[in-house]
Amino acid sequence: MPGVASRQHSRFLFLYALAAAGGSVAFVPFITLLLPMRVAALAGTQDIEWLAYVSLAGAIAASVANISFGWLSDVTRNRRGWIMAGLILSSIGLMAIPAATSLRSLIALVAVWQIGLNMMLAPLAAWAGDCVPDAQKGWLGGLLVFSPALGALAGVVATLPVFGTPDTRLTIVVVMVAVMVLPALLFARPTDMPHLVTEVTSAQKKAADNAHRKGPPRSRSTIQRMWIARLMIQISEATLFAFLLFWFRSVDPSLDEKFTARIFGFVLVVAVPVALIIGRLSDRFERPFLPLALLAGISTCGLLVIVLSGSIIWAVAGYLLFSLPAAVFLSLHTGQTLRVLPKPQRRGRDLGIFNLTNTLPSMIMPWLALALVPVFGFTGLFAVLAVFALLATILLTALARGMRPIT
């Protein structure tokens, strides 16, 4: 489109990536560390059962809230207002957690916190679609790889001995989130991209494709393939992460949680430069889906190595071969999802539907493990996960083949 800026400035991209990482910091330390500690304090020996109930209620609240507030931000066209409101509500909800004196009240407070959190996260995700053109979506996806790394680091910070009480730890999380999210709201000042927030006519879309790239149609089939592919990798990644320590111990009983934490930390650190490089290259060569297909394929190979591993060396090698490309995949997929959504007027709602690929795995994973591990062991579970990853590879390979740069 003549007279329309073709690139978003770097300041917005970096501040947006920082805000997105703030979204990760908002829930990773709480969900993985602080909430289990609170449940254990209230439930005693029934902590695992009650943690499952709390997590399920939170996941349901998060799923509904993400779609709802994404849609509301579409209707009101005020992403930043909803992000700010969600930041405030989620902060209040998190600070209220110590007030829970029973498990039922804890479930209610976690649900309220999830509503506030997704009031922030849903419009935040859609905001990127309003401001970042297709030519920079690979770079955006690469920058988003900082989110899980900083989320894990926040967990380490929040549990330092100096922050000894639950109230103090939750306060530290709230402060970290505010420090990371507010700069984008106050100082990002993105360049206007009107062509990203108005529906494109068929003639305009055809002209843009002829001028810049050839791409897969923003069809229902394309969206379904992207959704299913992400869900398959998310289920595999979440399941392997949840049972990583138990699996390592089944291979070598001498291994402890410190070994697992080091392996997980290594993956997060290495994923950052890898995602940045691949994201930049996918923009440069106009092949957004090819890296996703290759990463899913490598992850499949990693799971096959895990299935066939008979020693801790091969077990670790297989995990690294799976988890590193899977982490990069999830980051880049987030950026490229914005490319295929058909209507900018309902971008927030549609991203809420895509967000189900983040919440559904926590509901599917326990039942999958209970159905397979007692009968087939971890080998059977990982074999099924390999099939999931292979399905993602096949779906994305078809998209990659259908999108070729103009030479």
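The values are calculated or read from the model by the stated rules, or taken from the named source; none is laboratory data. Nothing here was measured: the structure is a model prediction, and the numbers come from that model. Here Cβ is always computed from backbone atoms with ideal geometry, including for glycine, and neighbour counts include all displayed protein chains. Keep in mind that these areas ignore ligands, DNA and RNA; they rest on the heavy atoms of the full protein, side chains included. Shrake-Rupley method; radii C 1.70, N 1.55, O 1.52, S 1.80 Å.
Contact order for the chain, expressed relative to its length and based on alpha carbon pairs under 8 Å spaced 6+ residues apart, stands at 27 percent. Placing D130, D256 in order of accessible area, with the largest value first and a 1.4 Å probe, yields D256, D130. Accessible area per residue for the chain is 45 Å², calculated with a 1.4 Å probe on protein heavy atoms, without ligands, DNA or RNA. FRET efficiency for the pair I88 and T32, taken as 1/(1 + (r/R0)^6) with r the Cβ-Cβ distance and R0 = 30 Å, rounds to 0.80.
With θ taken as phi - 60° and the Karplus curve 6.51 cos²θ - 1.76 cosθ + 1.60 applied, the whole-hertz 3J(HN,Hα) list for the stretch 12-21 is 5, 4, 6, 5, 5, 4, 5, 5, 4, 5 Hz, x standing for glycine and proline.
Estimated at 0.36 nm per residue, the fully extended path between F285 and L72 surpasses their Cα-Cα distance by 73.1 nm. Label-to-label distance, V175 versus L320, with points set 7 angstrom from Cα along the beta-carbon direction: 3.7 nm. The fraction of accessible area contributed by carbon and sulfur in the stretch 108-162 is 85 percent, rounded to a whole number (1.4 Å probe; ligands and nucleic acids excluded). To the nearest 10 square angstrom, how much accessible area does I278 have with a 1.4 angstrom probe? In the full protein context, I278 sits at about 40 Å².
How much FRET efficiency would the formula 1/(1 + (r/R0)^6) give for R220 and V375, where r is the Cβ-Cβ distance and R0 is 45 Å, rounded to 0.05?
My answer for the efficiency is 0.75.
The GNM of the chain, with springs linking C-alpha atoms under 10 angstrom apart, assigns the highest mean-square fluctuation among L150, L292, L103 to L103. Rounded to the nearest 20 debye, the dipole size of the chain about its Cα centre is 1340 debye, using +1 on the Cβ of Lys and Arg and -1 on the Cβ of Asp and Glu.
Protection proxy ranking, highest mean first, for peptides 39-47, 379-387: 379-387, 39-47, where packing is the per-residue count of other beta-carbon atoms within 10 Å, averaged. For n ≥ 4 DSSP H runs only, could you compute -39500 (n - 2.57) per run for the chain, divide by its residues and tell me the 222 nm figure to the nearest 500? Counting only the DSSP helices, I get -27500 deg cm²/dmol. Taking 7 Å steps out from each Cα toward its Cβ at I60 and I48 produces label points 2.3 nm apart. Per-residue extension of 0.36 nm, minus the Cα-Cα distance of L360 and F163, leaves a gain of 67.6 nm for this segment. Express the carbon and sulfur contribution to the solvent-accessible surface of the stretch 252-296 as a percent, rounded to the nearest whole number, probe 1.4 angstrom. About 71 percent, which is the carbon plus sulfur part of the accessible surface.
The alpha-carbon positions of the chain define a convex hull whose volume is 134 Å³ per residue.
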